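Participant: Have a look at this one.
The values are calculated or read from the model by the stated rules, or taken from the named source; none is laboratory data. Computed from a predicted structure; not experimentally measured. Here the Cβ is made from the backbone with ideal geometry for all residues, glycine too, and neighbour counts use every protein chain on show. Only protein heavy atoms, including side chains, enter the accessible area calculation; ligands, DNA and RNA are left aside. Shrake-Rupley method; radii C 1.70, N 1.55, O 1.52, S 1.80 Å.
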Amino acid sequence: MTKPDNQPSPPSHLVSRNVVVAGETGVGKSSFINLVIGSDSATTANDVCGVTTRTSVHPWETDTHTHAFRLWDTPGLGEGSFGNISPRAAQHALRSLLRELAKEGGVHLLVLCMRGIARITKGMKQTYDIVLRIRDQVSPHIPVVAVITELEKRCDETDIMGSMEEWWTSNASALAAFGMSFCSHACLTTLSDDCHPPMAGRHAECQRLACNLLIDYSLPFSACSRSTGMTNGLSSMSLKFTRNIVVVGETGVGKSSIINLVVGTDSAVATSDVRAATVGTSYHDWNLLQSQTFRLWDTPGLGPSLSGGTSSKHALNALRSLLTELGRDAGVHLLIVCFRGGRRVTKSNKQAYDTILALRDRACPDTPLVAVITELERKYNPRDDVLVSMDQWWHANAGDMSDLCMIFNGHAAPRRVPASRA
């Protein structure tokens, strides 16, 4: 990889986390970096022709001196034949950067910038797919967050951040329909307070939101350090207090809905049909206690998608890579296999189980395997105890599962899983 521009030495007392910022040409990647670091270190432009023609790095340390980051600016994707850099060259630059960082200190977060226009476009979806494909080829456990830019016209002085957040609320169903899933997001503007429309306090609020996004959702050092030999005090803390739980299953069984049920939010994208909502791995943190964090990993559905979502081969590769990476680093502490609660156990259930078990045995053979049976709302008898009524499915099918050698360390048959599926 060619030595990037503007590469000062990071602070000697902190190990920097690598945050890679990607997106289409002209969406404000460099402006987002400037917003975070509080200076004009990254070159910006006002037109749609890409100003970033090579990767560059911009160090940033929080005011409390507890976190250090290196923000990597990348060439815009999709400039076309009249841009400063070809689409192929831009993709190659992003892929090369991720590979080089994976060898050195790891990639702790991938930020995908998108312009906050009226609706989600095919161009946004294409860029998302390109970024996810490159990410999965290099290191599929890297979390991806979305930053929605150019939302200044939506700002309302009475509720600056809430008015911009309405963009995400309005487009959530479209994002799900396109299969665009993120660990988290930020809706903001990179303009200063005196830019049109002028608004006091806007820039500071957006800067706070952007900084917190990087701090809260970048991977801990333990997830990137072991393969590179990097160790420090933060690594041992993350290993001690964060447990990785990987949720797997066929397409449309409700993996994302199970995660939402656990964490108590709609952070995992789910759909109400049988298309695959999850096209790449993503994680969602759940803090049970101050000293215990569970990291729930959402994975692409196994098996074909009826709506042309993630292919079976891609889903298998993503799951294999995730289990391998986590197995080498912080470990996989639990594997949850989701099944749809039909009348009986099917050959498809058995095939999915065998596939998951084979991948588990290669990457993390000591990881316990539990089953979650979804869509049992119709099995519920209001005259009986809720849990007893829905657990009857397990007892009715236990013999068939035993005959098929489908062995689990435990199971759950939850009610109140939303009708949406992942």
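Participant: Report the accessible area of Asp159, computed with a 1.4 Å probe over the heavy atoms of all protein chains in place, in Å² rounded to the nearest 10.
Facilitator: In the full protein context, Asp159 sits at about 80 Å².
Participant: According to a simple spin-label model (label point 7 Å from Cα along Cα-to-Cβ), what is the distance in nm between Ser170 and Asp40?
Facilitator: The two pseudo-label positions are separated by 3.1 nm.
Participant: Taking K and R as +1 and D and E as -1, what net charge do the other residues with C-beta under 14 Å from the C-beta of Trp167 add up to?
Facilitator: Values: positive: Arg115, Arg119, Lys153, Arg154; negative: Glu150, Glu152, Asp156, Asp159, Glu165, Glu166.
My count for the surroundings of Trp167 gives -2.
Participant: Using a 1.4 angstrom probe with every protein chain in place, what is the largest-first accessible-area order of Arg343, Arg115, Arg88? Write out the running numbers ahead of the final one.
Facilitator: On the way: Arg343 225, Arg115 65, Arg88 200 Å².
From most exposed to least exposed: Arg343, Arg88, Arg115.
Participant: Just to verify a number: what accessible area does Ser218 come out at with the full protein assembly present, 1.4 Å probe, Å² rounded to tens?
Facilitator: Its accessible surface works out to 0 Å², give or take rounding.
Participant: For the stretch 60-170, which whole-number percentage of the solvent-accessible area (1.4 Å probe, protein heavy atoms only) is attributable to carbon and sulfur atoms? Please list the in-between numbers first.
Facilitator: Values: 2290 of 4800 Å².
Using a 1.4 Å probe with all protein chains present, the stretch 60-170 comes out at 48 percent carbon and sulfur.
Participant: Counting only protein chains, not ligands or nucleic acids, how are Cys195, Cys113 ordered by accessible area (probe 1.4 Å), most first? All intermediate terms of the calculation are to be shown ahead of the outcome.
Facilitator: Working: Cys195 50, Cys113 5 Å².
The residues order as Cys195, Cys113, largest area first.
Participant: Another one. Give me the accessible area of Ile407, 1.4 Å probe, in Å² rounded to the nearest 10.
Facilitator: Per-residue accessible area (Ile407): approximately 110 Å².
Participant: Next up: Students often check this: by mean Cβ neighbours within 10 Å, which of 345-358, 15-28, 392-405 ranks highest, and how do the rest follow? Kindly include the intermediate steps, with their values, before the conclusion.
Facilitator: Numbers: 345-358: 16.7, 15-28: 23.9, 392-405: 13.9.
Highest to lowest by the protection proxy: 15-28, 345-358, 392-405.
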